[in-house]
C-alpha cells in the first residue's frame, strides 16, 4: 500500500472509530500486510467487548473489511460524570433454535440506546433449557457491564403461586474475589422463556443500575 493511500486510510479509520459511543481517541496502524493494530482510548461508560464489536461492525459496514478482535486494544479512563447511575436493562428479543438433541438460545437486552446479546446451549430438557435461557441472559448482561464480573446460573425453579405458574432463578455473581447469590422471579404467563429472562433481570437489575 502506497504511503499516501495508507495515511488516508488511517485518517478515515480514526475518524470513523472516534464517532462511536464512548471512544475518546483512536490510533490505527497499518503494516505491509494491511491493518495490523487498532488502539483505542475510551471512557468507562461501555464494556470493552461492546466497543470492540462496534469497531468491527463499523469498519465492516463502511469499508467491507472484517477485523479480527485480537487487533483491537482498548484502554479506559473514568467517564466525566461517573456519579450517573446506569439505566436498567430491559428485554428486547429471544431466539431459540433446536435440533434433535440440543437447543440454542440468544437473548438480546437493551438499555434504551444499545443492544447487548448473549448465547448459550443445552440438552433438550425443560429444566436445562430454562437454565440455558438464564445463562444467555447473563451473557448479555456481562457484555453490558463495564466491571469484571462473572455470572452463572445457580438454579432455576418452576412453582405454583396463588394459582399461577411462576419461575424463580438464583444467580451467582463473582466480583473482586467474592461470590454472592441473587434471586429473582416472574410469573410464567404464556411464554416460559420470556419469564426466565424477566426473572433473571429481576435478580440483577438493581445491582446493574447502581454498579
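Count, please, the residues in region 161-179 that happen to be within 21 Å of the chain's Cα centre (by Cα) and either at negative phi or at pLDDT 85 or above (or both).
Selection size over region 161-179: 8.
Any residue that is touching a strand residue (DSSP E or B) at 6+ places or on another chain (Cβ under 9 Å), surrounded by fewer than 15 Cβ atoms within 10 Å (Cβ to Cβ) and not assigned by TED's automatic domain parsing to the domain that holds residue 50 - is there at least one of those in region 133-149?
Yes, there is a match, as at least one residue in region 133-149 is touching a strand residue (DSSP E or B) at 6+ places or on another chain (Cβ under 9 Å), surrounded by fewer than 15 Cβ atoms within 10 Å (Cβ to Cβ) and not assigned by TED's automatic domain parsing to the domain that holds residue 50.
Could you tell me which of the residues 154, 195 is closer than 22 Å to residue 115 by Cα and without any contact (Cβ under 8 Å) to a residue 40 or more places away in the chain?
Just one listed residue meets the conditions, 195.
Restricting attention to region 92-141, report how many residues are assigned to a strand (DSSP E or B), touching a helix residue (DSSP H, G or I) at 6+ places or on another chain (Cβ under 6 Å) and in contact (Cβ under 8 Å) with a residue 40 or more places away in the chain.
Counting residues in region 92-141 that are assigned to a strand (DSSP E or B), touching a helix residue (DSSP H, G or I) at 6+ places or on another chain (Cβ under 6 Å) and in contact (Cβ under 8 Å) with a residue 40 or more places away in the chain gives 5.
I'm checking my understanding of the structure. Among residues of region 42-60 that are in a loop (DSSP other than H, G, I, E, B) and out of contact with any helix residue (DSSP H, G or I) (no Cβ under 7 Å at 6 or more places or on another chain), which one is modelled with the lowest pLDDT?
Among them, the one singled out is 45.
Does region 107-117 contain at least one residue that is more than 15 Å from the chain's Cα centre (by Cα), closer than 30 Å to residue 170 by Cβ, surrounded by 14 or more Cβ atoms within 10 Å (Cβ to Cβ) and assigned by TED's automatic domain parsing to the domain that holds residue 157?
No, there is no match, as no residue in region 107-117 is more than 15 Å from the chain's Cα centre (by Cα), closer than 30 Å to residue 170 by Cβ, surrounded by 14 or more Cβ atoms within 10 Å (Cβ to Cβ) and assigned by TED's automatic domain parsing to the domain that holds residue 157.
Tell me which residues, restricted to region 151-172, are farther than 14 Å from residue 203 by Cα and in a strand (DSSP E or B).
Result: 158, 159, 160, 161, 164, 165, 166.
The values are calculated or read from the model by the stated rules, or taken from the named source; none is laboratory data. All of these numbers come straight from a predicted model, not from anything done at the bench. Neighbour counts are summed over all protein chains in view; Cβ atoms, including those assigned to glycine, are modelled from backbone coordinates with ideal geometry.
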